[in-house]
Amino acid sequence: MEPKPAKYAIVKQSIKQQIQDGTLAVDEKLPTEAEYAEIYKVSTITVRRALTELAEEGYIKRLKHKGTFVTSPVNAGAASRLIALILYSEDHNDSSYIQLIRGAQTMASSFGYSLIVEWVDADAGQEAGAIRKMLDLNVEGLLLYSFNPAKSTDNYRYLEERNIPFVLLDRYDPEHPCYFSGCNNYDGGALAAKLLLEKGHEKIRFAGYHFFLKPEQERYDGFCSRMREAGHRISRENLIMDIDYEQLAAQVRAGEVTALFCCNDRLAVKTIRSLRERGLRIPEDVSVMGFDDWSASPDVARELTTVRQDFTEIGANTAYLLLSLLQGRFAGNPVKILADVSLVVRSSVGDNPFRAG
């Protein structure tokens, strides 16, 4: 006589057959271990072993504090060990993006996963298409660097409804809480203001680029906080959007602006070049600093005083959050990881030329 199958194997085969014949639909939530134990008249330990093997073979996924769900049929057979980074970029060769990818890839490898990178433009619809493409490739989770998270909330809801873990990178929508990894933008803005104040500057402007983004707003908030602490009143004049370089050059010559803190290095580099084209000297006539420590324009970047964020660390932190989610390590409110920032002082910031004494 053939040996009688183990009880867990009977339970496993029964659930597997229900998935294969469609009795259990894709994304359907399964009964709890206790409920299955009652259905099959076995112990919860037996059920747990059956479900564990089904998860390892890709038929189901188990999400801590959420439950157990049927996966897409393409998943059946084995877990993919794949995660994807969907990355908005203005320049695919920008070294900061390469560092983000390197950090995420290294962390994924340490967990035994591989990383797929998909580039998209600013369109949330294109991001949605990339998400579906990655899910068709059986990725287990997603890292998302959206152009404007507030316009990508439908994409986030799509993933949440399907219980697909994801983590936002660099930027987020405060109205839609998500797992997130970025840098300490607020402290970075405060560091910039502190340096400029120490150099005797009082007529300082913050120059925005995409001010609808939360990271820029946080940098401005940190800047304003340090200015107020130093006794300076903040008004609308302190924030510049869509810089008119002719007007700015005139304000510099009149002593109305002595320093600029640009929200990122890309804008700072453009500002330095534009002011030099108008005959102004950096930093003798006006000091300029940025945020990022961006190396894409070495002719200017090597002289740019800036607030440095570690893109490799941020990429690694983002992947760590996602992989920890896949392993069921987090529960409750979404977690944020903020990498530290640091000041990098170069030659684009000098003393206020109008400083008394």
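Residues Arg266, Arg308, Arg281, ordered by accessible area of protein heavy atoms at a 1.4 angstrom probe radius and largest first, appear as Arg281, Arg308, Arg266.
Think of each Lys and Arg Cβ as +1 and each Asp and Glu Cβ as -1; about the Cα centre, that makes the dipole of the range 9-152 roughly 660 debye.
Note on Ser14 and Arg302: their simple-model spin labels are 7.3 nm apart, each label 7 Å out from Cα toward Cβ. With 0.36 nm allotted per residue and the present C-alpha distance subtracted, the Thr23-Leu343 stretch has 109.3 nm of extension available. With a Förster radius of 45 Å applied to the C-beta separation of Ser225 and Arg48, the computed FRET efficiency comes to 0.30.
For the range 176-245, the calculated P(r), taken from all Cα-Cα distances in 10 Å bins from zero up to the bin holding the longest distance, is 19, 50, 25, 6, 0 percent. Using only alpha carbon pairs under 8 Å that are at least six residues apart, calculate the relative contact order of the chain and give it in whole percent. Across the chain, relative contact order equals 18 percent. Three semi-axes describe the equivalent ellipsoid of the range 217-270; taken as square roots of 5 times the Cα gyration tensor eigenvalues and ordered largest first, they are 20, 15, 9 Å. The share of accessible area on the range 84-133 that comes from carbon and sulfur is 47 percent, using a 1.4 angstrom probe. For the range 230-327, the equivalent ellipsoid derived from the Cα gyration tensor has semi-axes of 33, 17, 11 Å, listed largest first.
Taking a straight line from the alpha carbon of Lys194, these lysines sit under 27 Å away, with near neighbours fewer than eight places off in the same chain left out: Lys203, Lys214, Lys270, Lys336.
Restricting to the range 205-357, what percent of DSSP beta bridges are antiparallel, rounded to 5? Here the antiparallel bridges make up roughly 25 percent for the range 205-357.
With a Förster radius of 25 Å applied to the beta-carbon distance between Arg62 and Val117, the computed FRET efficiency rounds to 0.35. For the range 308-357, a crude dipole built from +1 on the beta carbon of Lys and Arg and -1 on the beta carbon of Asp and Glu, taken about the Cα centre, is about 60 debye to the nearest 20. When all C-alpha to C-alpha distances in the chain are sorted into bins of 10 Å, what percent of pairs does each bin hold, rounded to whole numbers? Distribution as computed: 5, 22, 25, 18, 13, 8, 6, 3, 1, 0, 0 percent. Residue ranges 231-243, 339-351 sort as 339-351, 231-243 when ordered by packing (mean number of other C-beta atoms within 10 Å per residue, highest first). For Phe69, the accessible surface of its heavy atoms amounts to roughly 20 Å² (probe 1.4 Å, protein chains only, rounded to the nearest 10).
Summarised as an ellipsoid, the range 38-167 has semi-axes of 33, 17, 11 Å, derived from the eigenvalues of the Cα gyration tensor scaled by 5 and square-rooted, with the largest first.
Centre-to-centre, using Cα atoms only, the range 106-180 and the range 39-60 are separated by 30 Å. Peptides 312-322, 104-114, 37-47 ranked from most to least packed by the mean count of surrounding Cβ atoms within 10 Å: 312-322, 104-114, 37-47. When the Cα positions of Ile164, Leu248, Phe111 are compared along the charge dipole of the chain, Phe111 comes out farthest toward the positive end, with charges on each C-beta of Lys, Arg, Asp and Glu. Here's the list of lysines a cross-link from Lys7 could span, going by alpha-carbon distance under 28 Å and ignoring same-chain residues fewer than 8 apart: Lys16, Lys29, Lys41, Lys61, Lys64, Lys66. The calculated FRET efficiency for Ala250 paired with Asp351, based on their beta-carbon distance and R0 = 25 Å, is about 0.70.
Stretching Val335 away from Glu38 to a fully extended chain increases their span by 103.3 nm, per 0.36 nm per residue minus the current alpha-carbon distance. If you average 1/r across every pair of different Cα atoms in the range 99-255 and take the reciprocal, what Kirkwood value do you get, in Å? Hydrodynamic radius (Kirkwood, Cα only) of the range 99-255 equals 18.3 Å. For the chain, the solvent-accessible area works out to 47 Å² per residue, with a probe of 1.4 Å and every protein chain left in place.
The values are calculated or read from the model by the stated rules, or taken from the named source; none is laboratory data. If you're wondering where the values come from, they're calculated on a predicted model, not measured in any experiment. Every residue, glycine among them, receives a Cβ derived from its backbone with ideal geometry; neighbour counts consider all protein chains shown. For accessibility, only protein heavy atoms count, side chains too; no ligands or nucleic acids. Shrake-Rupley method; radii C 1.70, N 1.55, O 1.52, S 1.80 Å.
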